[in-house]
Structures are given as structure tokens and as C-alpha cells.
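Below is one structure, written out as C-alpha cells; the observations come after it.
The values are calculated or read from the model by the stated rules, or taken from the named source; none is laboratory data. Owing to the predicted nature of the structure, the values given are computational and were not obtained by experimental measurement. Note that we place each Cβ from the backbone using ideal geometry, even for glycine, and neighbour counts take in every protein chain shown.
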Amino acid sequence: MGVWLLMALSTLLLFWTVGVHQRLLSLRQNAVQAFGQVALLLAQRSPAWLTHSEALAAVSGGHDLAERCRAADQQLQAAVALARVQRHDAASLRSCGLALASAREVALAVLDDPHALLSDGEHAAWRQAEQSLDFALANYNREAQVHLLACERWPSRVVSWLARHRPLPTLPTWGEAMPPARGAA
């Protein structure tokens with residue numbers, strides 16, 4: 001009788017462990033899919049910034065911001081590619097977040113530059129693209145937060161430790177720091 005009870009409890013524990021593991025995998029997959037949308041928007045954003053940096057370099061005689069813009073964009077695209085290759089592990093996503101923060105600092109510097117060639121329409125298009133990117137980042141961060149909470153809850157913490165589920169990091173967003181539209185005071 002005791003052996004059967006032990007086998008039944010072991011079977012229940014095994015099914016519970018597999019269920020928790022599948023839930024953690026599902027939550028991680030949701031976050032990875034949300035990051036796919038972020039990566040797509042970053043890839044669409046890249047050519048516009050490179051074109052603008054080349055025009056900026058031509059007008060300002062090799063202005064330093066053009067090189068910084070190009071370097072930040074290359075670093076960001078390399079970080080996104082690395083995140084894909086390394087199957088969206090926590091370290092590669094963290095480096096992607098750092099590269100994104102750096103690229104956004106350069107973007108703000110370009111917008112504030114007196115030599116910048118952005119017309120009002122281009123400025124509005126940039127703001128729209130950044131708002132779309134911010135929305136995608138917020139979706140990713142929400143999914144990553146759900147994954148983090150699932151990994152940290154007590155019963156599933158054991159399964160997450162055994163299966164080496166590392167919580168996914170959140171990525172920086174503009175939030176309230178979005179620069180104002182041109183002409184707005």
C-alpha cells in the first residue's frame with residue numbers, strides 16, 4: 001500500500017513539474033514573440049537613421065553626430081542579431097537593452113543638433129516610429145515581467161532553477177521622456 005501511494009505521489013509530482021515547465025516555456029515564448037516585433041521595428045528604423053546620418057555628414061562636413069549615429073545603429077543591430085542567435089537568452093537581451101539606450105541617446109542628440117536636416121514631417125515620422133517602438137517595448141516588458149513573476153513564485157522557482165529558466169530582462173522605453181514635438185513649448 002505504501003509503495004503504491006509513493007508511486008502515485010511521485011507521478012503527481014512529475015506531472016506538476018512538467019506542467020510548470022511547460023507554462024514557463026510558454027511564457028518565455030510569448031516574450032520572445034513580443035521581442036520579435038521589437039526587432040522588426042528596429043530593423044525598419046535602421047535605414048532611415050543611416051540615411052539621415054549620411055545627409056548630416058554631407059552637410060556638416062563629417063559631423064561627429066553622424067558617426068555616433070552610425071556606430072550606435074550598428075551596435076544595436078549587432079545586439080539584436082546576437083539575441084536571435086543566442087535564442088533570446090537573458091544576457092543577450094540585456095546587451096540589446098544597453099545598445100537601445102545608447103542609440104536613443106544619440107537619437108536625442110541628433111534631434112537637438114543645429115545641423116540636423118529633419119523637416120517637420122520627418123520629425124513627426126520619427127516620433128511616430130519611436131512611439132510604435134515604445135508600444136512594442138512595453139508589450140515585451142509586460143510579457144517579460146509575467147515570465148519573471150512566474151519564475152520567482154515559490155513552487156515554480158524550484159522548477160525554474162532545475163530547468164535553468166533565467167528571467168528575461170526588461171528593455172528601456174521612452175515613457176514620459178519622449179521629446180516634445182516641434183513647435184510645442
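Applying a threshold of 9 Å to beta carbon distances and a minimum spacing of six or more residues, or different chains, the list of pairs starting in the stretch 143-154 at a residue that is assigned to a helix (DSSP H, G or I) and ending at one that is aromatic (Phe, Trp, Tyr) reads Glu143/Phe35; Ala144/Phe35; Cys151/Trp161. Which residues, taken from the stretch 80-102, are part of a helix (DSSP H, G or I) and either among the basic types (Lys, Arg) or on the phi > 0 side of the Ramachandran plot (or both)? Hits for the stretch 80-102 are Arg84, Arg94. Taking the conditions (1) modelled with pLDDT of 70 or more; (2) within 30 Å of Val18 (Cα to Cα); (3) crowded, with 17+ Cβ neighbours inside 10 Å in turn, Pro155 satisfies each one other than (3).
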